[in-house]
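In what follows, a single structure is set out as structure tokens and then discussed.
The values are calculated or read from the model by the stated rules, or taken from the named source; none is laboratory data. All figures in this text were calculated on a predicted structure; none of them were measured in a lab. Backbone-built Cβ (ideal geometry, glycine too); neighbour counts: all protein chains shown.
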Amino acid sequence: MPSIRRGFTLVELVIVVLILGLLAAIIIPKFTNATETSRNTSVMTTLSYLRGQIEVFKSQHANSPPQITGMWTLLQHSSDTAETATANPVGTSYGPYFRSTPLNVWNGLTGVTSANIDTTAGWYYTATSNSYDLRIRDLDGSVNYNY
């Protein structure tokens, strides 16, 4: 009586495992790049939005950008034309420009400073009487000039 063969041989199993390994080696790097790409896109979108809101602020405040003193609070509350450097705006004419403090997705921080290197802040901001520079910080606290 002939024997009935059931199951797979070791060679067949090894071939299947090798094929799955090759597929995984091709697919996994694509997902790794997707994470970095989504962070870059998020940063560019957030910076574009914030810079746009600062431009609206400037146009409503005699071409003066918000100063670093209380910047996020100033942009999240209503203010008057003269309030560009106050931590506690009391005006009612303009704003708010956004609802919540923006998060830097690269280092997970929301603070803003004008220091060249600051590992406790997520944003770099400098302002003069009529211009400003807003950038993100990298993980080491340095200013990222790519965005």
Residue, nearest to TYR49 (Cα to Cα), within segment 99-147, restricted to residues that are touching a Gly at 6+ places or on another chain (Cβ under 8 Å) and surrounded by fewer than 17 Cβ atoms within 10 Å (Cβ to Cβ) = LEU103
So which pairs qualify, if the first residue must be in segment 1-28 and surrounded by 10 or more Cβ atoms within 10 Å (Cβ to Cβ) and modelled with pLDDT under 85, the second must be hydrophobic (A, V, I, L, M, F, W, C) and part of a helix (DSSP H, G or I), the Cβ gap must be under 9 Å, and the two must be at least 6 apart or on different chains?
-> PHE8/VAL16
Being buried (at least 19 other Cβ atoms within 10 Å of the Cβ) and over 25 Å from SER38 (Cβ atoms) narrows PRO89, PRO96 down to just PRO89
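Looking at segment 49-61, is at least one residue charged (D, E, K, R) and in contact with a Pro (Cβ under 7 Å, 6 or more places away or on another chain)?
From segment 49-61, those charged (D, E, K, R) are 51, 55, 58; that's our starting set.
Keeping just the survivors that are in contact with a Pro (Cβ under 7 Å, 6 or more places away or on another chain) gives 58.
Yes - at least one qualifying residue is present in segment 49-61.
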Does segment 61-83 contain at least one residue that is of a type in the set (D, E, K, R) and within 15 Å of ALA127 (Cβ to Cβ)?
-> yes
Inside segment 40-52, the number of residues satisfying the requirement of being in contact with a Phe, Trp or Tyr (Cβ under 8 Å, 6 or more places away or on another chain) and either small (Gly, Ala, Ser) or closer than 13 Å to ASP133 by Cα (or both) is 2
Select from segment 61-76 the residues that are more than 22 Å from the chain's Cα centre (by Cα) and buried (at least 16 other Cβ atoms within 10 Å of the Cβ) and write down the one among them that is nearest to SER131 (Cα to Cα).
-> SER64
Failed condition for GLN53, given (1) modelled with pLDDT of 90 or more; (2) under 28 Å from THR119 (Cβ atoms); (3) surrounded by fewer than 14 Cβ atoms within 10 Å (Cβ to Cβ), with all others met?
-> (3)
Do we find a residue being loosely packed, with under 13 Cβ neighbours inside 10 Å, more than 22 Å from TYR147 (Cβ to Cβ) and not hydroxyl-bearing (Ser, Thr, Tyr) anywhere in segment 31-44?
-> yes
Scan segment 119-131 and report the pairs whose first residue is touching a residue at least 24 places away in the same chain (Cβ under 8 Å) and assigned to a loop (DSSP other than H, G, I, E, B) and whose second residue is buried (at least 20 other Cβ atoms within 10 Å of the Cβ) and small (Gly, Ala, Ser), with Cβ atoms within less than 8 Å and a gap of 6+ or a chain change.
-> SER129/SER64; ASN130/SER64
Being touching a residue at least 12 places away in the same chain (Cβ under 8 Å), out of contact with any Asp or Glu (no Cβ under 8 Å at 6 or more places or on another chain) and part of a strand (DSSP E or B), is that true of even one residue in segment 64-87?
-> yes
